[in-house]
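These notes concern the structure reproduced below.
The values are calculated or read from the model by the stated rules, or taken from the named source; none is laboratory data. In this text the structure is predicted, and so the values were computed from the model without any measurement. Please note: Cβ atoms are built from the backbone with ideal geometry, for glycine as well, and neighbour counts cover all protein chains shown. We work out accessible area using only protein heavy atoms, side chains counted, and drop any ligands, DNA or RNA first. Shrake-Rupley method; radii C 1.70, N 1.55, O 1.52, S 1.80 Å.
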Amino acid sequence: LAGVTLTEQQYSPEESERFEKARRIAEAWEATNEFCISCLSSEQNAVAKTMRADSVRNYLTNSRGYSPGLFRLSGQAQDRDTPKMELGYMPGLGELAKHLRNKDFTQEEINTIVAKIEKSGTAIGQTHVLSFPYRDHRGTIRGMVFRAIDRDVTPKYLYSSFNRSEVLFNLKALSKDT
């Protein structure tokens, strides 16, 4: 804008630290989502070759009628013109913690993610293995949703710890700015 001077906002050290923590947790959620996607779809991931990962893929294609072409593959960017579903397989919290450690997240950051998932129940990685992210209006992952694939398990969905009343599920996907 002509003649308009923008000033850089100054933050206190405490605010800067809080913003940095929030940024790192957002990155850890993205890494968690990418891990789950990889466990379902990556040929390089040994977990994706397990019988349990096969059962999740079979559930999606046979029971739900989804085409594998609808899934975002590990490492694949989200394309605005042909959006893909971010479905994954959660083998367990121990495997997730190991993955996050290998991605250079601190133990405190790992504990934050694992604690938020554990609050939803001990069934994560056991009965509730199908995963997808819960994104806010900006596209930032606020948590994960885990679904049971076995018919007899209730509840069908478990949510990681976040305030669902503040976030409309997957609203960003409806936006033309995706």
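Some points to look at:
- Pairs, first outside any loop (DSSP other than H, G, I, E, B) in segment 6-34, second open to solvent by less than 60 Å² (accessible area, probe 1.4 Å) and polar (S, T, N, Q), C-beta under 8 Å, six or more apart: Ile25/Thr112; Ala26/Thr140; Ala28/Thr112; Trp29/Thr140; Asn33/Ser131; Glu34/Ser74
- Search result, residues across segment 136-158 that are crowded, with 19+ Cβ neighbours inside 10 Å and either of a type in the set (Ser, Thr, Tyr) or more than 24 Å from Thr112 (Cα to Cα) (or both): Ile149
- Test for Glu17: is it open to solvent by 60 Å² or more (accessible area, probe 1.4 Å), under 27 Å from Asn102 (Cβ atoms) and at pLDDT below 90: no
- Any hit, segment 113-133, residues being without any contact (Cβ under 8 Å) to a residue 24 or more places away in the chain and surrounded by fewer than 16 Cβ atoms within 10 Å (Cβ to Cβ): yes
- Index of the failed condition, Ile37 passing every other in (1) at pLDDT 90 or above; (2) in a loop (DSSP other than H, G, I, E, B): (2)
- Complete set of residues in segment 86-109 that are on the phi > 0 side of the Ramachandran plot and not charged (D, E, K, R): Gly92
- Some residue of segment 40-49 being touching a residue at least 60 places away in the same chain (Cβ under 8 Å) and among the aliphatic types (A, V, I, L, M): no
- Which listed residue is modelled with pLDDT of 90 or more and more than 17 Å from Lys156 (Cα to Cα), from Leu70, Leu93: Leu93
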